[in-house]
1. Looking only at residues in the stretch 194-206 that are in a helix (DSSP H, G or I) and more than 11 Å from residue 219 (Cβ to Cβ), which one is nearest to the chain's Cα centre (by Cα)?
2. Looking only at the stretch 140-189, count every residue that is part of a loop (DSSP other than H, G, I, E, B), over 20 Å from residue 83 (Cα atoms) and in contact (Cβ under 8 Å) with a residue 40 or more places away in the chain and tell me the total.
3. Do you know which residues across the stretch 53-77 are more than 13 Å from residue 34 (Cβ to Cβ) and touching a residue at least 24 places away in the same chain (Cβ under 8 Å)?
4. State which residue is nearest to residue 73 (Cα to Cα) when the search covers only the stretch 1-23 and only residues that are under 31 Å from the mean Cα position of the chain (by Cα) and loosely packed, with under 10 Cβ neighbours inside 10 Å.
5. Is it true that some residue in the stretch 83-92 is at pLDDT below 95 and buried (at least 18 other Cβ atoms within 10 Å of the Cβ)?
6. Can you tell which of 44, 29 is surrounded by fewer than 11 Cβ atoms within 10 Å (Cβ to Cβ), in contact (Cβ under 8 Å) with a residue 40 or more places away in the chain and either farther than 20 Å from residue 129 by Cβ or out of contact with any strand residue (DSSP E or B) (no Cβ under 8 Å at 6 or more places or on another chain) (or both)?
7. Looking for something surrounded by fewer than 13 Cβ atoms within 10 Å (Cβ to Cβ) and at pLDDT 85 or above - is there at least one such residue anywhere in the stretch 223-246?
8. Which of the residues that make up the stretch 163-192 are surrounded by 13 or more Cβ atoms within 10 Å (Cβ to Cβ) and within 20 Å of the chain's Cα centre (by Cα)?
C-alpha cells in the first residue's frame with residue numbers, strides 16, 4: 001500500500017468495532033477489573049482541542065494495553081455540561097444552554113469516535129441529564145445528613161469579565177486564567193464539603209497508590225494538611241504551653 005486512505009479505512013473499522021461492542025466493559029465478568037477515567041470535557045466550545053486528543057489518546061493506549069492483557073477494562077466518557085463555562089458560552093452565542101450542550105456533545109462524540117478512541121459509549125453520561133444529577137443530589141443529601149456539608153462565608157476570586165468565581169488553580173499571577181483580567185476577591189456564602197475531616201487519610205493513603213512522586217506531592221499540597229504548634233501565653237505570667245495542632 002503506497003497510500004493510507006484513512007477516510008475510507010478508519011470509518012469502516014470504527015463502525016465494525018462499534019457494532020461488535022468491542023470496547024464494552026462486561027458486567028459480572030470473572031476477569032480482573034481495570035477502571036480508567038480521563039477528565040470529562042466541558043462541552044462549551046465548538047469542538048475538542050489538542051489537549052483533549054492528547055489526554056484521551058494516552059488513556060486509550062492504557063485501555064488497549066490492559067484489554068490485550070486479559071483485563072475487563074471500563075473506559076467511559078461523559079460531558080461535564082453544568083456550570084458557568086456553558087452558561088457564558090450560551091450567552092455569547094445567544095442560544096439556550098440545553099440546545100448548545102446537545103449540539104456540542106454530539107460534535108465532541110463524533111470527534112472522539114473519528115480518532116478511534118476506545119471509549120465504552122454504552123456508559124456515556126451527561127451531567128445535565130436528570131437521571132444523572134438525581135444521584136448527585138442524593139449524594140449531597142447524605143453528606144448533609146452526616147454533617148459533612150455546611151454553609152460558610154469564604155473569600156473567593158471573581159473575574160469581572162467572565163463573571164464567574166474562579167478556583168485557586170484558575171488564578172495565575174492574580175489574573176483570570178481564561179481571559180487575563182485582573183481578578184477581585186469577594187466574600188460569598190456557599191456550600192462547603194468537609195473534606196478536611198479526611199485530610200489525614202487522603203494524604204497518608206497516597207502511599208498506597210502507584211502514582212509518580214510529583215503527582216503525589218501536588219495532591220498533598222492540594223489536600224493542604226499542615227502541622228505546627230499553638231503557643232498560649234498565660235496572662236501576666238512568664239510561662240507558656242506548647243500544644244500540638246493539626247489543620248487540614
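The values are calculated or read from the model by the stated rules, or taken from the named source; none is laboratory data. None of the values given here were measured: they were computed from a predicted structure. Cβ sites come from the backbone with ideal geometry, for glycine too, and all protein chains shown count toward neighbours.
1. Residue satisfying both the conditions and the ranking: 195.
2. Residues flagged as part of a loop (DSSP other than H, G, I, E, B), over 20 Å from residue 83 (Cα atoms) and in contact (Cβ under 8 Å) with a residue 40 or more places away in the chain within the stretch 140-189 amount to 2.
3. Once the filter is applied, which keeps residues that are more than 13 Å from residue 34 (Cβ to Cβ) and touching a residue at least 24 places away in the same chain (Cβ under 8 Å), the stretch 53-77 yields 53, 56, 57, 60, 77.
4. The selected residue is 20.
5. Yes - at least one qualifying residue is present in the stretch 83-92.
6. 29
7. No - not one qualifying residue is present in the stretch 223-246.
8. Of everything in the stretch 163-192, those that are surrounded by 13 or more Cβ atoms within 10 Å (Cβ to Cβ) and within 20 Å of the chain's Cα centre (by Cα) turn out to be 164, 165, 166, 170, 171, 176, 177, 178, 192.
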